[in-house]
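Since the structure comes first, as structure tokens, the remarks are kept for the end.
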Amino acid sequence: MTVASLARAAYREALGPLLVAAVGGLFAGLVLTGMEADLERTRGLLVLVPALLATRGNVFGAFAARIASGLHQGLVGPKLRVDDERLQAATAAASSNNLLASGFAAVLTVLAMLALGQGVAPLWELLAIALIAAFLSGLALAAVVIGVMFLGFRRGIDPDTLVGPLVTTTGDVIGIAFLLLAVRIVVGGV
């Protein structure tokens, strides 16, 4: 194989996930634009949004990378098994980290806004929104990441190629959608 043929193969493999990432990012932005009234109503939520999205990306990016490494090394079999202890442990760790980091981000948001003399929603409100959104999006992201990683691996696609675009796009789309749902649950419909 030549360098040129390897480069072409890598681009062909990555082009689909990157296009999906671009479209998904635009969709997440549209949903966020539709949350304008919620963002105005819940002071501090706009400050919290990037932290929550970054949390999903970081936590589930590491989760997906762990699965990819397990698949490459043969520590995780190519067929999804619900009783796989390594997969269960990785999923539990990602879910716990997601909840803890989201709660921490909500507390820091309130503290930072108070320190800056800005009006902010009550701590319980932002904390509830962050934790509900983290829990729901974490369930969905874990299922999507596991499903796509295993499916891609079985079809001969390098899971490492899927990690970046998959996690960022899915995390943004699912994260914003469940954030909107959490706001509507905690604060009520607008």
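Kindly indicate whether any position in the range 154-162 is open to solvent by 10 Å² or more (accessible area, probe 1.4 Å) and of a type in the set (Ser, Thr, Tyr). Before the answer, list the steps.
Applying the first criterion (open to solvent by 10 Å² or more (accessible area, probe 1.4 Å)) to the range 154-162 yields 154-158, 160-162.
Keeping just the survivors that are of a type in the set (Ser, Thr, Tyr) gives 161.
Yes, because at least one residue in the range 154-162 is open to solvent by 10 Å² or more (accessible area, probe 1.4 Å) and of a type in the set (Ser, Thr, Tyr).
Would you confirm whether or not the range 101-117 contains a residue that is part of a helix (DSSP H, G or I), among the hydroxyl-bearing types (Ser, Thr, Tyr) and farther than 20 Å from Leu180 by Cα?
Applying the first criterion (part of a helix (DSSP H, G or I)) to the range 101-117 yields 101-115.
This time we only want the ones that are among the hydroxyl-bearing types (Ser, Thr, Tyr), so: 102, 109.
Narrowing the set further to residues that are farther than 20 Å from Leu180 by Cα leaves none.
Within the range 101-117, not a single residue is part of a helix (DSSP H, G or I), among the hydroxyl-bearing types (Ser, Thr, Tyr) and farther than 20 Å from Leu180 by Cα.
I'm trying to understand the selection: among the residues of the range 30-79, which are of a type in the set (A, V, I, L, M), out of contact with any Ser or Thr (no Cβ under 8 Å at 6 or more places or on another chain) and either part of a loop (DSSP other than H, G, I, E, B) or open to solvent by 80 Å² or more (accessible area, probe 1.4 Å) (or both)?
Pass one, the range 30-79, residues of a type in the set (A, V, I, L, M): 30-32, 35, 37, 39, 45-49, 51-54, 59, 62, 64-65, 67-68, 71, 75-76.
Within this subset, residues satisfying the condition of being out of contact with any Ser or Thr (no Cβ under 8 Å at 6 or more places or on another chain) are 30-32, 35, 37, 39, 45-46, 49, 53-54, 59, 62, 64-65, 67-68, 71, 76.
Residues satisfying the conditions are Leu30, Met35, Leu46, Val76.
Per-residue answers, yes or no, for (1) under 18 Å from Leu39 (Cβ atoms); (2) free of Cβ contacts under 8 Å to residues at least 24 places away in the same chain:
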| site | (1), (2) |
| --- | --- |
| Lys79 | no, no |
| Gln88 | no, yes |
| Ala94 | no, no |
| Asn97 | no, no |
| Gly119 | yes, no |
| Ile129 | yes, no |
| Gly147 | no, no |
| Thr161 | no, no |
| Arg184 | yes, no |
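Output the residues belonging to the range 156-190 that are over 14 Å from the mean Cα position of the chain (by Cα) and within 16 Å of Leu15 (Cα to Cα). Walk me through it before giving the result.
Just the residues of the range 156-190 that are over 14 Å from the mean Cα position of the chain (by Cα), to begin with: 156-161, 180-190.
Answer for the range 156-190, where residues must be over 14 Å from the mean Cα position of the chain (by Cα) and within 16 Å of Leu15 (Cα to Cα): Gly156, Ile157, Asp158, Pro159, Asp160, Thr161.
State whether the residues of the range 127-145 include one that is surrounded by 13 or more Cβ atoms within 10 Å (Cβ to Cβ), touching a Leu at 6+ places or on another chain (Cβ under 8 Å) and over 16 Å from Leu179 (Cβ atoms).
Yes - at least one qualifying residue is present in the range 127-145.
The values are calculated or read from the model by the stated rules, or taken from the named source; none is laboratory data. This is a predicted model, so every value here is computed, not measured. Here the Cβ is made from the backbone with ideal geometry for all residues, glycine too, and neighbour counts use every protein chain on show. SASA here: full protein model, heavy atoms, side chains in, ligands and nucleic acids out. Shrake-Rupley method; radii C 1.70, N 1.55, O 1.52, S 1.80 Å.
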